[in-house]
Amino acid sequence: MNPTSSLLAGSGTTEKRRISVAQVLVYELRVRDAMTKEPVTAGPTDTMRTIQHLMKTHRFSGVPITQNGCLLGIVTIEDIINALDKGHINEPTERWMARDPVTLRDHYSLVRAVAEFDRYGFGRFPVVDGSDKLVGIITRGDITDCLVHHLERRAEEAVAHEAVLMAERAADEKARRVVVRTQIKSGDFDSAGKVSQRMRQVLRERGIDPDVRRRAAIIAYEAETNIIIHTIGGQITATILPDKVVIDAIDEGPGIENVDLALREGWSTAGPLARELGFGAGMGLPNIKRCSDVFEIKSEMGRGTHLHAEVMLEKARMVA
Amino acid sequence: MNTQTPIKLKTLLPLLQAEPLTDTDDANLTGCYISDLLSDVLAYARPGVLWVTIQTHRNVVSVAAMKDVPAVLITCGRKPDPQIVMEAQEEGLVLLSTKLTTYEAAGKLWEAGIR
Ligand SMILES: Nc1ncnc2c1ncn2[C@@H]1O[C@H](COP(=O)(O)OP(=O)(O)OP(=O)(O)O)[C@@H](O)[C@H]1O
Ligand SMILES: [Mg+2]
């Protein structure tokens, strides 16, 4: 038997998810959480007419009969209809009430309560505590209301929790994202390697494999020196993310006339000064390409060149 | 290019007629690479080798650091600016200078068993 399905049956996936939460709740929640506390009662010497009036004003369908807090019986709406029909509406309840009614204990779980409702087919149960004192009355409606109320609360808590988690994750991602950006001047050989050095430091702090560190550093260094030697200036940006390093070298021109040729090992247009300093092997771009997991170069004469390279960190961590 | 057993750099100084420009301490060598082209070193030098070159620019320090090259031997009696020597010292890079040509230095290193 599935106790909750009879209470909260529904179609669609959200309902299905809800039922699984409801299933948890019916085990956690107790009869005392769902019952109506301090129910209206009557005594054994009150008349059936008194009960009829109580039912009319409070819209009850059953009233427990007690003496000194102890449960003696219960008068239901059927008993009142019978009393009116058979003409004993003015007689005391003790003659017509159902004696020793089936009760539920206040510490029973709601799953057990639902089972009892299914078993007896009653509309309500009086609820007693450990010393058999009447402490409440419970209907199927009370159980449904209680579950819906708690589900709503759980749902609100879940939404709030989710929001906190997402905010934490966003803050985390941001902290793990470092951007190193430098403007690079034409002919400024002394400044070569700035981005490369800073990036290597961050990667070392993050415990990235030395080989991966080296590849990222070589890309940045070769791109920097190309801007110094071959362009009128530009900027280089290294973005260090949790899973990769992204390097973008963007210059203001003159652009590369033949990119295929420039990518060929040994091809160089470096001038005498650059050559004197050890540049001009024509190996920079091939080096960058070899070190990259993603490599793109776009160039337009008169406008400039955009070199984009990525080095994956996760893959390397697995190897290391 | 790489020797099997690392060799202590200090033991090679007399042979190379090398003047240490930085602290030489206990640098170990696992081989040698010779080139005056930076991109070539970036492409082919292995970590742990002695780099022999005539270059003296600051870029030598950057490239050596990037490739985990522990020591650079500068040939033909060239010496970098004191500023660059200081930067090398900070990076933990050993700089040596020798009057020998690159060819002569290479011969000595080969004779010393460095492959
Ligand atoms: N950003 C750029 N703008 C214009 N031309 C470029 C740019 N980058 C490279 N080039 C051209 O491509 C050629 C090859 O570049 P590459 O980096 O491979 O070699 P290099 O810079 O000449 O020498 P090396 O990098 O080995 O010191 C350069 O000589 C130059 O003509
Ligand atoms: Mg280049």
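Of the residues A:Val259, A:Val294, the single one that is open to solvent by less than 50 Å² (accessible area, probe 1.4 Å), of a type in the set (Val, Ile, Thr) and away from ligand 2 (no atom under 15 Å from the Cβ) is A:Val294. For the criterion of being under 25 Å from B:Arg46 (Cα atoms), at pLDDT 95 or above and either within 16 Å of ligand 2 (Cβ to nearest atom) or open to solvent by less than 20 Å² (accessible area, probe 1.4 Å) (or both), A:Ala192 fails. Candidates B:Val41, B:Val61: the one that is of a type in the set (A, V, I, L, M, F, W, C), modelled with pLDDT of 95 or more and away from ligand 2 (no atom under 16 Å from the Cβ) is B:Val61.
Scanning the stretch A:209-235 for residues that are part of a loop (DSSP other than H, G, I, E, B) and either among the small types (Gly, Ala, Ser) or at pLDDT 95 or above (or both) yields A:Thr231, A:Ile232. Regarding the stretch B:24-32, can at least one residue be identified that is open to solvent by 10 Å² or more (accessible area, probe 1.4 Å) and touching a Gly at 6+ places or on another chain (Cβ under 6 Å)? Yes, the stretch B:24-32 contains at least one residue that is open to solvent by 10 Å² or more (accessible area, probe 1.4 Å) and touching a Gly at 6+ places or on another chain (Cβ under 6 Å). The helices (runs of 4 or more DSSP H) falling completely within the stretch A:61-172 that include 1 or more residues that are under 48 Å from the mean Cα position of the chain (by Cα) map to A:110-120.
For the stretch A:236-270, the set of residues classified as among the aliphatic types (A, V, I, L, M), farther than 30 Å from A:Arg169 by Cα and in a strand (DSSP E or B) consists of A:Ile250 only. Under 6 Å between Cβ atoms, at least 6 apart or on separate chains: pull out the pairs that start in the stretch A:264-279 with a residue that is more than 10 Å from chain B (Cβ to nearest Cβ) and end on any residue that is away from ligand 2 (no atom under 12 Å from the Cβ). Filtered contacts from the stretch A:264-279: A:Trp267/A:Leu261. Inside the stretch B:56-65, residues that are surrounded by fewer than 23 Cβ atoms within 10 Å (Cβ to Cβ) and facing chain A (nearest Cβ under 7 Å) make up a count of 3.
Within the stretch A:146-189, restricting attention to residues that are of a type in the set (D, E, K, R) and within 30 Å of A:Lys37 (Cα to Cα), the residue that is surrounded by the most Cβ atoms within 10 Å (Cβ to Cβ) is A:Arg154. Residue count for the stretch B:13-50, restricted to those that are over 11 Å from the mean Cα position of the chain (by Cα) and within 14 Å of chain A (Cβ to nearest Cβ): 12.
The values are calculated or read from the model by the stated rules, or taken from the named source; none is laboratory data. It should be emphasised that the depicted structure is a prediction, and the values quoted were computed from it without experimental measurement. Here the Cβ is made from the backbone with ideal geometry for all residues, glycine too, and neighbour counts use every protein chain on show. Areas reflect the complete protein model, heavy atoms only, side chains present, ligands, DNA and RNA absent. Shrake-Rupley method; radii C 1.70, N 1.55, O 1.52, S 1.80 Å.
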